[in-house]
Structures are given as C-alpha cells and as structure tokens.
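Inspection log for the structure reproduced underneath, given as structure tokens.
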Amino acid sequence: MFPKNCWYVAAHAHEVTASLFARTLLNQAVIFWRTPDGAIAALEDRCPHRLVPLSTGKTVNGLVECGYHGLRFDAEGACAFVPGQDQTPKNVNVKKFPVAERHALVWIWMGEASLADEDLIPDMHWMDAPGWRATTGYLHFNADYRLVNDNLLDLSHETYIHKHTIGNDAVADAPVVTEVIDDRVVRAHREMPNIDPPPFFALAQGHDGRINRWQIAIYMAPGFNMTEVGFHAVGTDRVDDHLMMRPIHLITPETDHTSHYIWGLARNFRLDDDELHENIYTSTQQTFSEDRELLEMQDCRLQEEGMPKLPQMAVKVDKAPVTGRRLLDAMIQRETADPSYCAVPALLADDGIVTQPFAQAAE
Amino acid sequence: MFPKNCWYVAAHAHEVTASLFARTLLNQAVIFWRTPDGAIAALEDRCPHRLVPLSTGKTVNGLVECGYHGLRFDAEGACAFVPGQDQTPKNVNVKKFPVAERHALVWIWMGEASLADEDLIPDMHWMDAPGWRATTGYLHFNADYRLVNDNLLDLSHETYIHKHTIGNDAVADAPVVTEVIDDRVVRAHREMPNIDPPPFFALAQGHDGRINRWQIAIYMAPGFNMTEVGFHAVGTDRVDDHLMMRPIHLITPETDHTSHYIWGLARNFRLDDDELHENIYTSTQQTFSEDRELLEMQDCRLQEEGMPKLPQMAVKVDKAPVTGRRLLDAMIQRETADPSYCAVPALLADDGIVTQPFAQAAE
Amino acid sequence: MFPKNCWYVAAHAHEVTASLFARTLLNQAVIFWRTPDGAIAALEDRCPHRLVPLSTGKTVNGLVECGYHGLRFDAEGACAFVPGQDQTPKNVNVKKFPVAERHALVWIWMGEASLADEDLIPDMHWMDAPGWRATTGYLHFNADYRLVNDNLLDLSHETYIHKHTIGNDAVADAPVVTEVIDDRVVRAHREMPNIDPPPFFALAQGHDGRINRWQIAIYMAPGFNMTEVGFHAVGTDRVDDHLMMRPIHLITPETDHTSHYIWGLARNFRLDDDELHENIYTSTQQTFSEDRELLEMQDCRLQEEGMPKLPQMAVKVDKAPVTGRRLLDAMIQRETADPSYCAVPALLADDGIVTQPFAQAAE
C-alpha cells in the first residue's frame, strides 16, 4: 500500500511542542515532543510494560512519562526511571523513529532507520521561504491516501466538487498536457485564457474582471502534491503582473484507509495581508472538506467492491492520475525487491520560471 | 433471502421528482429521478468511471451528472457527455432497472429485466382509488424484512407492543381463523364482538362506546401486507354502518438485515377530514415505531444466535406467520430452480364484500 | 477467560425490585426481578418463542411477561400463560440461574446449577455490617475484567492516574510487601509514614496535616478486590486514632472485553455524615472513571496486538498482579480439568486487627 523507506510529513512544525503530540502514521502510533534543546523526539506510542499508549502520560524534564505506572523514557527510547526501584531495565527500549524539521514541517522516516538520510527530504521551501507566505492547515480523511493523490492530479474535478469556490466550466473544458519529469514527477498543465474568475480568484485579485488562468498539478510519490495556480487580468503581462499560489498537499497515510492531509497554501503577493490569510484558511479548509466528503464515499464503495483497479472506464482526465499511480507502484515494487532502495526526490518546481502559456508548452 | 423476479415497492410516487432520489434495495444502491416527460428513471447508483455514487451529483436536463468528474448518463444508462472531450465511450453503461408508477407508488424490478411485466404488479388501488383516502408514511427498520412480515401476520402482538394505541386484551384473547387463498395469500381473521375500543378506535369513531371489531391480516410474498381493520358501534348495522381502514404495509428489503417500511393507511370514511388525516399519520408512525424497536432487538438476537429457525416453541398465534414463511420460501425455491419463474400476484381483497362475522366465516 | 462455578456479584440489592432489571453477565443476558414474597428471580433474558429479550416486557403478578406476544414465565422459568389459548407448553423452559441476596448484594451462579452452594459466597460484610457505612456505586468498563484486577492489585498507579484525588509521589515510592494467603488471596501491603495527605485524605480527616498512611490491596479470584486504606495524623496512635476505609471492588465480566464494576466504599468513622457520604460517592466515581479511561485504551491496544501476555517487561510493582493472575489461571484450569470443582473462598480481612506498620510486617 505504501513505501516505507522515504520521508513522510508527520505534522506542521508548530504542532510539536514540549508536550506530547500523538499521531498514527503508516499504521504505527507515534508520539512526538521537543526535548529541552528544541530537538524533536519520536517514539512508538506504546509503553513496553503493559502496552498502554505513552500518550496517556506527559513529558517531564524532556522525558516521556507513561500515564499508567510513571515509567519514563528518553528521546532514544531507553527507560530512564521506574518508580519505586533504583534500577531501570536496560534491555527494553521503545522504538525510535528518525525525524527531521525542515520547511516548517516535521518529517519522519518509518522504514529502515539506518537508511534515513536528510538529503532525501523533498524541497518544500515555499512553506517558509522569503518572498512567500504560506497559510497552513490540516484535515483528516477517512480515505486511502492514493485516492487523494488521484484527485489532486485531476483538476477537472474542481468544476463539480468545488463549484462554489475555485471551479467553473472553464476548468473542465480546458485541454490538459501531461508529462513525466525525471521518472519521478507527474505534471498536468492546463491553460484557461480569458475566462470569468471563479469566486476565490475574484477574492484574490480584488475584482471580478476576466482573467488568463493556468493550473499545474504536480505529483511525486508517495504523497507530495503541489498545485501551481497562476493568473493575471486579461490585458496585463503574464510575467510581470501574474499572481501565483502554490497549494501544497502533503498526504501521509494514517492507516490503509485513512490519511493525514497536511497543507500549506503559499502565495507570492500581498504577503502582509492578514485578512486574505484568514480568508485563504477558511476557504481552503472548506474546499478540501468538499473533496473529503466525496473521497470518503469513494473509499467506502471501493472497500465494498473489494478494491477494484481504477479507473474502470477510459476518460481523458485520467492520464495524469494513472501515470501517478504507475510511479507510486514502481516505487513500492523497487522497495519490495530491494529493501535498501530509497527513492531520490526530484525538484517539484523552479521559482525562476513562470510557466509558459499552454500554446507554447504544447509545442 | 428474497426473490428477485418480482416487483417491489421502491418509494411513494411523490418522493421521486426531477432531482435525484437514492435508495438501496435488495443490497443494490439505486438512484431514481424523473425525466422532463415525467417518466421515472432508475439506474445503479454507481459511476462506472471511478465508482463513486452518482447520487453525489445532480440532474441536468433529464440526465444524471456524477458529482466527481461531471460525466452524464441518460435514463437508459448510456454515457451522454464527458467534460473536456468530444466523444463519449459507447461500451460502458450504468445498469438500468425496470420501473413503473402505479397506485401512487414507484415499483422496481430487481431481477432479470426481460421478465419485467407490468401485469405482475399487485393491486394496491386503495392507495389512490375514488372512495378511499390514504395517509402515507415511511420508516426504516434495522431488521430482516421477514421478521416484519411475521409480525404483521400475527396481530395478537397489538396487545403487548401497541397497548397505548390499537391494542387491548380483547385482541389477544380472540380466536383466529387462518386460510391460504390461491396458494398465494395468507389471511388471518379474528372477530372481537362487543369490546371496549382501544384509543385509536375511540378517536376514529369520535366516542368511546363499545364496538364490534374485526381484523384481517393479509400477506402475499415477498412483502405485501394489508390489514383490514373494521368496526361498527354495538347496536348498528355491520354492512351499512361500519368504518373500515386498510393499513397497507409494503416491506421491501434494503439489505439482508434492514428494510424499507413504506405504508399507506386507506380509509373509506371522513375522506375530507384533514385533522383525522394528521392524527392517523402521527399515531401510525408511532405505532410502527413500537414494532421497529422490538423487531430490531429481535433481529440483533437472531444474528447473535446464527439465525435459528422461528418459532422455537409452538403457540397458536404462529399459524399465520408460519404459513406466510412457507409461501415465501416456496417462491424463492421456485425462482432458484427456474430463473425465469415469476410469481403471479393474487387479489388481496375485494371491496364489494364486507367480511362476514367470524361465526359464519369459521363455518 | 473466566471460571463459571463460583458466585459473582450481579448487582447491588437495591437495584433489583419488582420490575425487570436486565444485565449481561459472562456473555449471558439475564433478567432479575423480585417476586411478591421479596425473593429474587433470575432467568435468561430470552423468550423461547421468538427469541426476543424478555426484558422488552414487564412483570405481572410476580411473573415476567414477554413484550412481543405476552407469554408469561414464572421464577422457575416455566411457561405460566399463553394469550389466546388455554394450555401452556410444558416442555419449554427459560433457563434459570441460582441467585442469592447477601451483604446488600445480589449474587449469581452462572455455572453448573447443582453446585451452587450459598456457603461459597465470599464474606463482604462491610457492605452492611454494624460499625460500618458503605457508599455504593456502579461503573461499566469496556475492558477485560482481568485488566481491572491487575490495576487494583498494583496501587502505585494511583500516583499517575489519580494524581488529583488519592495519589501522590509517596505512593509510588513506597516499597511493597506481597504475600499469598491460603493459596487463595493475594495481599500487597505498603506503608507511607509521615507524608502529605493527597486531596481525598485531607477531606476525610478535615485538615491537611501530615499523616501516616497504609494501603493494602487484597485480591481473590475471580474478581473480588478490597483495598484497605488506613491512616492517622502524625503524632497520634495507630490503633486508637486511625481512620480506615475499605473500598470494595466487585469486578464481574459482562463479556470478554467488558466488565461491571460494582463498588462499595465502607468506612468505620463519621457514619452519620451524609455530606461525606456524598463526597465519597462523587470522588470515587471520578477516581474509578480515571481508571476506566486508561484501562479501556489498554484493552483496545491488547486486542489490536492479539492479546499478548502481560507484563512485557519486569517491574517490581508487577509482583502482586502477576501473582493474582496465577491464582486466577489456576482456578480456571482446575475447573476445566474437573467440571465439579468449586473454589472455596477465603477471608479477605479480619476487622479485629489493625494491620501492623510495615517495618514489623516485613519481618
């Protein structure tokens, strides 16, 4: 269902503090906390004594203390204290996971720990780089993370699921160019010249004049998605006058049929506009909740039908999601064949280039 | 569990409009809607593209449009439109079900479609015939539809389940005559001369003077039930002065352990009395909710015990329900042996005859 | 999972009245009621006719009447009345369970009925003996009863689970002496001289001066637990000036993973103080609810992991619970080997002796 030898996003960095933060990832319950030096610790959320979750407890001086009998464990998972006795058992450790903090995100490596190399963390610099401001949020989906990826690679769903915010007929009607980059990344590119702005875009540009819009869905296995959403008012210059947003969708499996949807929506304009920031948060949570409702129904039906292969009929919009699944399946197969295999991430996008209009890109 | 080559009641006719109406029947999710000419369409509630329910969407110009990618299907189940492409796939159809509208009800044929013959629709004319007025309603039961049939064929339960509305000791004490008609219908007839009226009857006749009451439970497999409830004040004439109600209980399996209880309570008196109409609605929903509470507990226990055969001890009141089960089982067995077998419905009751008192009927 | 040939506590005596009282015990649904002479009857909560729970009905003249068809059964389980017929079937009986009322508790024997001997009822006289007053309560735990026993035999959990009421660091730090008495009972004894009183003890003595405290956890299989909680103000006499409470925890399996927690907290001081009585009720329900929250999480995790043996690492506090499990397992094994085996209960505690301080007891 998912590769293990790669970094996953576990949380936004601000979610992990000196107190315990519990989250299940890839079917494993994990607790996170920061030790006094600010470093992040991640242990299996399971006391090795009587198997209650360590998250029943609290942190004490940088150690985690179980809520049942008060056993304490350090960031390495070693038992540091047992109430009522002087000695601590040396041979019983809580499983520790490699973690890293980068791009305002907490990353975790759920596979073979000795392979965890921070150079393999994908570039998500838009989350905290100068010149960008990211609004962030989180949703829990009762759906297989692969269905979420499929949905993000197929932006034509906007017209139907998101008709009240970011979709309109222009989206579904525009042709799509799909390409695979470096055998790692799928890009689906669509230009929508001279269209009426859907509600969210009218909000972002401050008026409802017609726009030239483009949209690129970018996917890298297992669950890294970035949508490039750019537009400029008709009659203005694409390079100089465009506004651009990069919704970043970090989809991490919680279990086989539930997912964490950790998102940031980075923009390169009106950086100090806190009202826009609030509006983006509210409308984005709303938009992704619309996806959630549909994808949860889909997951439910697929389970009832014994998880048949999708899609079941050929439609043009499926080219990108089908390609994305192929890359993901290949990644899983390689890891199965070679347990030391780790996929090297590719660059999702280059800030220096504003994507060329579709007519040229299609040449 | 249930025969398939027969008409089932899917809904009241007024429930199906130009908008989508979703209901699961015999373990199959179905959507209904009316096309611009008023005809009813019924398709499997499943988009053949990515298997989400079509009921996530809406109707557009008489077509159903999926809520995910906007694929549209016509009343025959053919794909009529795919956004972003000129051609539509010809070989992928949504399953279509034969439907009919009669007696203010929507009928559906879930079995072999080529056998669907509207002449096989049972007569339920009391739902909309002149001289009758039917109050209608719907309840969802978390119980095997056969348990609901059993309960309806054994009216002695009224004394215990419905002691606040239609039952009293006179019901349980009265002897029952059970007969099978045309090898298709079970009738259980009970006379209760000179009794105090239970609360609902006092309401219907407008005073609490003693009554001569009769009660006939009629069942035709798989789930057609009609109760004839008649009475006249003691000292008045049975033929000229009686009041009669025909509660019609249309029990359609939703799944193996859940049922649709679609009901109409037709009466031949005070047709224009809207207050009585409201009272009938409220008290009938209440009465059937009392059955629901008990039957859901029963279904739960039967599942825990591995669905043993009922009854487990011989009691006189079981004659009618046991006979009803025998007819249902025979219908299922015939269909299993001969997939082209379709049971021909019988007449449930004849309006021209007011049932003779029990003394005569028992002769 | 549990022995059957022994008395279990089914309820507090005041819970069983002339009306029906339903409770599932050892995976069997049972109804209790009092017949007109005040005796307690207990039958399987299942009508032998159509298998609905008899608890759907009510009692009528000391008989139980099913809520579906009104069949009536007497305290022996014999059918006493069937509506609409003169004869009652003689060969269909509802299963009857031996019951007894003692120590303000209702006791039930779920095993082989011929072995039920009231001399085998454990002594719980503190529930209603002169010189004692018991505050009583009930909680339902979604946890294996054995986990509740484990928890009660290991009082060091107080420091962590009950830090707001009865626990503090002194509890976890004190050494424990564990002993087995008569091969039937486990006692874990802990002395805490000259400590600050946890909140509940300050309440009980009326001030927050330092105390000498002792604590004894007593367990007898399968689910009888008594905690002796004694203390006296520092500088006063242990024998003359102590206050003592005996929380009695009667843990009866409902199913394999749910339990009844029937409790009484008996005290030998301020017997007429109703405000204290109320405070004990409120704080004890709160305290046991804290245990419940943790044990339910533990049970959940153990089920996920396939019920591994506990504990998984050696800690001193486990000596008493591990010993308790050994006695319980031995009891189950003896009954399995010899279906006529019934364990003889031992005396849990002797009121005449105030436990000696730990220094002496440990000699």
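The values are calculated or read from the model by the stated rules, or taken from the named source; none is laboratory data. Note that this is a predicted model, so its numbers are computed, not measured. Glycine gets a Cβ as well: all are built from the backbone with ideal geometry, and neighbour counts include every protein chain shown.
Any chance you could count how many residues in the range A:286-299 are surrounded by 15 or more Cβ atoms within 10 Å (Cβ to Cβ) and either more than 9 Å from every other protein chain (Cβ to nearest Cβ) or assigned to a loop (DSSP other than H, G, I, E, B) (or both)?
Of the residues in the range A:286-299, 7 are surrounded by 15 or more Cβ atoms within 10 Å (Cβ to Cβ) and either more than 9 Å from every other protein chain (Cβ to nearest Cβ) or assigned to a loop (DSSP other than H, G, I, E, B) (or both).
Matching residues to (1) closer than 30 Å to B:PRO53 by Cα; (2) at pLDDT 95 or above; (3) in contact with a Cys (Cβ under 8 Å, 6 or more places away or on another chain):
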| site | (1), (2), (3) |
| --- | --- |
| A:GLU275 | no, no, no |
| A:SER283 | yes, no, no |
| A:ARG292 | yes, yes, no |
| A:ARG301 | yes, yes, no |
| A:ALA314 | yes, no, no |
| A:ALA320 | yes, no, no |
| A:ARG325 | yes, yes, no |
| A:LEU328 | yes, yes, no |
| A:GLN356 | no, no, no |
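Residues in the range B:51-61 that are in contact (Cβ under 8 Å) with a residue 40 or more places away in the chain and either of a type in the set (Lys, Arg) or at the interface with chain A (Cβ under 9 Å from one of its Cβ atoms) (or both): how many?
The total comes to 0.
Where residues in the range C:305-320 are at the interface with chain A (Cβ under 9 Å from one of its Cβ atoms) and touching a residue at least 24 places away in the same chain (Cβ under 8 Å), which of them is surrounded by the most Cβ atoms within 10 Å (Cβ to Cβ)?
Once the filter is applied, the top-ranked residue is C:VAL317.
Go through the range C:220-239 residue by residue and tally those that are within 22 Å of C:ASP182 (Cβ to Cβ), of a type outside the set (Val, Ile, Thr) and surrounded by fewer than 22 Cβ atoms within 10 Å (Cβ to Cβ).
Adding up the residues that qualify gives 1.
Just give me the residues in the range C:69-85 being within 16 Å of C:ARG46 (Cβ to Cβ) and surrounded by fewer than 18 Cβ atoms within 10 Å (Cβ to Cβ), in sequence order.
C:GLU76, C:ALA78
Based on this model, can you work out whether B:LEU139 counts as touching a Pro at 6+ places or on another chain (Cβ under 9 Å), of a type in the set (A, V, I, L, M, F, W, C) and in the same structural domain as B:GLU228 (by TED's automatic domain parsing)?
When the stated conditions are applied, B:LEU139 does not pass them.
Mind telling me which of the residues C:ALA100, C:ALA143, C:ALA104, C:ALA113 ends up being among the hydrophobic types (A, V, I, L, M, F, W, C) and free of Cβ contacts under 8 Å to residues at least 40 places away in the same chain?
Checking each option against the conditions leaves just C:ALA113.
Failed condition for B:GLU112, given (1) farther than 18 Å from B:PHE2 by Cα; (2) outside the structural domain of B:LEU328 (by TED's automatic domain parsing), with all others met?
For B:GLU112, the failing item is (1).
Only one of A:VAL64, A:VAL99, A:VAL92, A:VAL9 is of a type outside the set (Lys, Arg) and at pLDDT below 95. Can you tell me which?
So the residue among A:VAL64, A:VAL99, A:VAL92, A:VAL9 that is of a type outside the set (Lys, Arg) and at pLDDT below 95 is A:VAL92.
Could you list all residues from the range A:27-50 that are under 26 Å from C:ALA143 (Cα atoms) and surrounded by fewer than 20 Cβ atoms within 10 Å (Cβ to Cβ)? Working first, answer last.
Residues of the range A:27-50 that are under 26 Å from C:ALA143 (Cα atoms), as a first pass: A:27-31, A:43-50.
Those that are under 26 Å from C:ALA143 (Cα atoms) and surrounded by fewer than 20 Cβ atoms within 10 Å (Cβ to Cβ): A:ASN27, A:GLN28, A:ALA29, A:GLU44.
For residues in the range A:9-50 being of a type in the set (Lys, Arg) and within 14 Å of another protein chain (Cβ to nearest Cβ), which is farthest from the chain's Cα centre (by Cα)?
Within the range A:9-50, the match that is farthest from the chain's Cα centre (by Cα) is A:ARG50.
Going by what's in this entry, would A:MET127 be described as closer than 30 Å to A:ASP291 by Cβ and in the same structural domain as A:ASN268 (by TED's automatic domain parsing)?
Answer is yes for this residue.
List the strands (runs of 3 or more DSSP E) inside the range A:143-248, counting only whole elements, that have at least 1 residues being within 14 Å of chain B (Cβ to nearest Cβ) and at pLDDT below 90.
Output list reads A:177-181, A:185-195, A:211-220.
Mind checking which residues of the range A:16-38 are touching a residue at least 40 places away in the same chain (Cβ under 8 Å) and of a type in the set (A, V, I, L, M, F, W, C)?
If the condition is that a residue be touching a residue at least 40 places away in the same chain (Cβ under 8 Å) and of a type in the set (A, V, I, L, M, F, W, C), then A:VAL16, A:ALA18, A:LEU20, A:LEU25, A:LEU26, A:VAL30, A:PHE32 are the ones that fit.
For C:LEU302, state whether it is away from chain A (no Cβ under 14 Å) and either more than 29 Å from A:THR24 (Cα to Cα) or hydrophobic (A, V, I, L, M, F, W, C) (or both).
no
Within the group A:ARG50, A:ARG72, A:ARG23, A:ARG46, which residue is more than 30 Å from C:ALA170 (Cβ to Cβ) and either at pLDDT below 95 or outside the structural domain of A:SER340 (by TED's automatic domain parsing) (or both)?
Result of the check over A:ARG50, A:ARG72, A:ARG23, A:ARG46: A:ARG23.
Can you work out which of the residues in the range B:255-273 that are under 21 Å from B:ALA349 (Cα atoms) and under 22 Å from the mean Cα position of the chain (by Cα) is modelled with the lowest pLDDT?
Step one: filter the range B:255-273 for residues under 21 Å from B:ALA349 (Cα atoms), giving B:261-269, B:271.
Next, only the ones that are under 22 Å from the mean Cα position of the chain (by Cα) stay: B:261-268.
On the way: B:TYR261: 98, B:ILE262: 98, B:TRP263: 98, B:GLY264: 97, B:LEU265: 95, B:ALA266: 94, B:ARG267: 91, B:ASN268: 86.
Going through the qualifying residues, I end up with B:ASN268.
Which numbered condition in (1) more than 10 Å from every other protein chain (Cβ to nearest Cβ); (2) part of a helix (DSSP H, G or I); (3) under 18 Å from the mean Cα position of the chain (by Cα) is the only one that C:THR252 fails?
(2)
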